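Structure, as structure tokens:
Bear in mind these aren't lab numbers, they're just calculated from the coordinates by the rules spelled out. Treat the numbers as computed from the prediction; the structure is a model and nothing was measured. Cβ atoms come from the backbone with ideal geometry, glycine included; neighbour counts cover every protein chain shown.
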Amino acid sequence: MARIPYFIPPAIACLALSACMQSPDCFRQDVFCAALVTDTLGIKDHGINQDAWAGLQQASTHGSTDHIANIESVGARDYEKNIAYFADKGYDLIITAGVGMRDETLQAADRYPDSVFISINQDQREARPNLIPISFAEDQMGFLAGALAARLTKTGVVAGVCETSGIDSLWRYCEGFRAGAEHINGDIKVLIAYRDDGDREKLFIDEAWGYENANKLIFRGADVIFAAGGATGQGALRAATEAAIPAIGTERDQAAALGESGSGVVTSILGRTSFEVQEVMRLMKDGNVPEPRRGQFWYVSLSQKFPESLKNEMDSMLFELWIGEIKTNVTLKKP
């Protein structure tokens, strides 16, 4: 299949790339090149971009690749050309991170059959022989958050704020949260707000909606807030901090990402992206073709103000979710 040419001025490419050194000839059979294209959050997002890059760095240290690089996307319009930049240079493996690049990654897999693509957290609905999706069990991540919220609440009311339920992964987060809270306490009241009627242009960036709806749920008695959905979810976490109630994040280390405005975030539940990237690289080095992966996850350590018994309970539940001893009963797709 003919490759579609793209032109990126050398000066711009040099500024965007992680290193402006002379790249090796990635078309050579004896040179394995791997690259990361970030979404607009950049390489220091305290989330999947940063963790994916750490995984590539570790893989390079362990000899799984000969050369690594990254490009940070400034806007969504950069995704296609940034992916193409590496593909046109013969990179063997190209990683894209974040749901916003789902379509561009699928199209690139068709356009560049000689490159292998890893898509992280993109809920790919179509398979390609050169596309390896890495996803995480959002229902289980939400379940753990719900169980923790049920242990922290004093009012018996907890709430989840999520982007549109029209995106299955977001629906799994909040319905998993509901299931986890009810697993701990069958009498708990769980309030869920989805941004189902919002402006499509503000998908994942409607911080004002997240902030406003979290405040509505707090007014209704919720004293623990869980949030998912990019900046939309971060708005809810900010509202929880202002209300001086505990908040639980996901997708990123939200306390680190938000700084002082996220001081109410007691933990965030994240996919182990670095580990999964290294595993795929190891398998490829050994000559194996990795299958789509459902990765493990972990949570950012709870602060010392919480009892050791609570941390131990969360650790045990995390393991039981991993091995399937606890079932969330949340379906992959919204009914």
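Odds and ends about this structure:
- Segment 79-219: relative contact order in percent, alpha carbon pairs under 8 Å with at least 6 residues between: 18 percent
- Net charge contributed by nearby residues that have their C-beta within less than 12 Å of Ala208 (K/R +1, D/E -1): -1
- Listed residue (Ile167, Ile184, Ala127) projecting farthest to the positive dipole end of the chain, Cβ model: Ile184
- Gain on full stretching of the segment that runs from Ser263 to Gln304 - 0.36 nm per residue minus C-alpha separation: 13.3 nm
- Charging the Cβ of each Asp and Glu at -1 and of each Lys and Arg at +1, and nothing else, the dipole of the chain about its Cα centre rounds to 280 debye.
- Residues Arg77 and Lys189, FRET efficiency given R0 of 41 Å [Cβ-Cβ distance, rounded to 0.05]: 0.40
- Computed FRET value (nearest 0.05) for Thr155 with Lys216, which takes r as the C-beta separation and R₀ as 25 Å: 0.95
- Taking the Cα centre of segment 185-306 as origin and assigning +1 to Lys and Arg Cβ atoms and -1 to Asp and Glu Cβ atoms, the resulting dipole is close to 280 debye.
- Dipole magnitude for segment 134-188: computed about the Cα centre from +1 point charges on Lys and Arg Cβ and -1 point charges on Asp and Glu Cβ, it is near 240 debye.
- Cα gyration tensor shape for segment 96-172, rounded if a/c is under 1.5, else prolate or oblate: prolate
- Prolate/oblate/rounded label for segment 51-92 (Cα gyration tensor, a/c 1.5): oblate
- In this structure, the amide hydrogen of Val224, modeled 1.01 Å from its nitrogen in the peptide plane, lies closer than 5 angstrom to those of Ala159, counting only residues at least 5 positions away or on a different chain.
- Where chymotrypsin sites (Phe, Trp or Tyr not before Pro) in DSSP loops with at most 15 other Cβ within 10 Å are excluded, longest remaining stretch of the chain: 28-335
- Helical runs assigned H by DSSP (4 residues or longer) give the chain a calculated mean residue ellipticity at 222 nm of -12500 deg cm²/dmol, each run adding -39500 (n - 2.57) before division by the residue total.
- For segment 233-335, GluC sites (Glu not before Pro) are listed when DSSP marks them as loop and at most 16 other Cβ atoms sit within 10 Å of their Cβ; the list is Glu325.
- The length gained by stretching the chain between Lys202 and Ala127 to full extension, at 0.36 nm per residue less their Cα-Cα distance, is 24.2 nm.
- For Gln122, residues with placed amide H under 5 Å, excluding near neighbours: Ile134
- Nearest-0.05 FRET efficiency for Lys285 and Arg111, computed from C-beta distance (R0 25 Å): 0.50
- Peptides 182-192, 93-103 ordered by average Cβ neighbours within 10 Å, highest first: 93-103, 182-192
- The relative contact order of the chain comes to 16 percent, based on Cα pairs under 8 Å that sit 6 or more residues apart.
- Taking the Kirkwood radius as Rh and the Cα radius of gyration as Rg, the chain has a ratio of Rg/Rh equal to 0.99.
- Where only alpha carbons of segment 158-284 are counted, the Rg and the Dmax (Å): 15.0, 52
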